[in-house]
Amino acid sequence: MSLSLIIIPIALAAVSVVAAARAETGESNCSSVVVGTRMRNEQLLCQSLAQLGATVSRTVDSIAANWPQGQAKFRKDSQGIWSAHFSGSFDYERAASLIVEIDTAYAALVQQEVLSRLRERAPSLGMSIESENVEEDLSVTLVLNVQVGDAA
Amino acid sequence: MTDREQVFLRVGRDGAISAETKGVKGPKCLDYVALLEDLLGGQTIDSSFTSEYLETAAQTFGQAADELHN
C-alpha cells in the first residue's frame, strides 16, 4: 500500500452527529431546543425526514418537519450545516435521539449517493470496478483497477 | 507482485469513506488525493503514507546514493 485516506462526502460536515444543544426562547416566550447536526444536503435531509414519518414542508430558508408530538424546523448556518429547532413536547433527550435517527437515515442515503457517483464517474477517470461487496456492517467495499496513464 | 495500480475503498453506512492505493509508486500516489475526492465527491480529512510508499522512497534514496558514490 502507498497512501491511506479518510474522506468525508460533501453532504456531511466533519463534526459530531449531534452538535451541542441549547435552549432558546423566542419572541413569544415559548422555549425550544436547538440541536446542531452534520447534515448539509437539503434534498437528502427531506428524504430522511420523510422516511421517519414526518410531514415535510420547505420554505426558501428552512425545512419544517411535523410529527404528532411536535415540530422540528431546520435552518442552515453560515457554513451550510443544518440545525434543528424543536418545539412541542420535545425535550433535549428526545430531540437528540431523533437527530441520531435522522442522521442514520441521512447517512445511508449519503452512502448510496457516493456509490452512484462512483459508478457513474469511475470510467471517465480511467477506473473500473473489479469487485464490490456489502459487508456485515452494511458498509460497501470496492476494489478499483486504474488504467495507468489515464488516471492520477 | 503486480505492477497494476488499484484503489481499495470502504464506503461506510455512516457516510465515511476510507481509501488505500496499492501498486502506486512513490510521490505519484499524492495525485490520488484529488482524484479520489473528485470521484467520491468528498474532502480528505486524514491521510498517511503506508509501508509501500516508504519502501519505494527508501529505494529511490538508495539508488540516488549509489549514483553519487559511483
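Read-outs: derived from the displayed coordinates by stated rules, not from any lab. Quantities reported herein were computed from a predicted structural model and do not represent experimental measurements. Using ideal geometry, Cβ is built from the backbone for each residue, glycine included, and neighbour counts are taken over all protein chains shown.
Remarks
- Order of A:114, A:100 under a 10 Å beta carbon neighbour criterion, fewest first: A:100, A:114
- Ordered by the number of other Cβ atoms lying within 10 Å of each residue's own Cβ, fewest first, B:38, A:103 fall into the sequence B:38, A:103.
- The slack between residue A:62 and residue A:124, meaning 0.36 nm per residue of separation minus the straight C-alpha distance, is 18.7 nm.
- Overall form of chain A per C-alpha gyration tensor (a/c, 1.5; a/b vs b/c): prolate
- Shown in residue order for the stretch A:44-55 are the 3J(HN,Hα) couplings computed by the Karplus curve 6.51 cos²θ - 1.76 cosθ + 1.60 at θ = phi - 60°: 5, 5, 4, 4, 5, 5, 5, 4, 8, x, 7, 8 Hz (x for Gly and Pro).
- Mean partner shielding of peptide A:96-108, defined as the number of other chain Cβ atoms within 10 Å of each residue Cβ, is 1.
- Placing dummy labels 7 Å off each Cα toward the beta-carbon, the span from residue A:116 to residue A:91 is 4.0 nm.
- Under 5 Å, built H, 5+ apart or other chain: amide partners of residue B:24: A:2, B:6
- For the stretch A:116-130, backbone phi angles converted through the Karplus equation (6.51, -1.76, 1.60; θ = phi - 60°) give residue-by-residue couplings of 4, 4, 4, 4, 6, 8, 3, x, 6, 9, x, 10, 10, 8, 7 Hz, Gly and Pro being listed as x.
- Karplus (6.51, -1.76, 1.60) ³J(HN,Hα), θ = phi - 60°, over the stretch B:40-47, in Hz, Gly and Pro reported as x: 9, x, x, 10, 6, 10, 7, 8
- Residue exposure proxy: B:45, A:129, ordered by other Cβ atoms within 10 angstrom of their Cβ from fewest to most, comes out as B:45, A:129.
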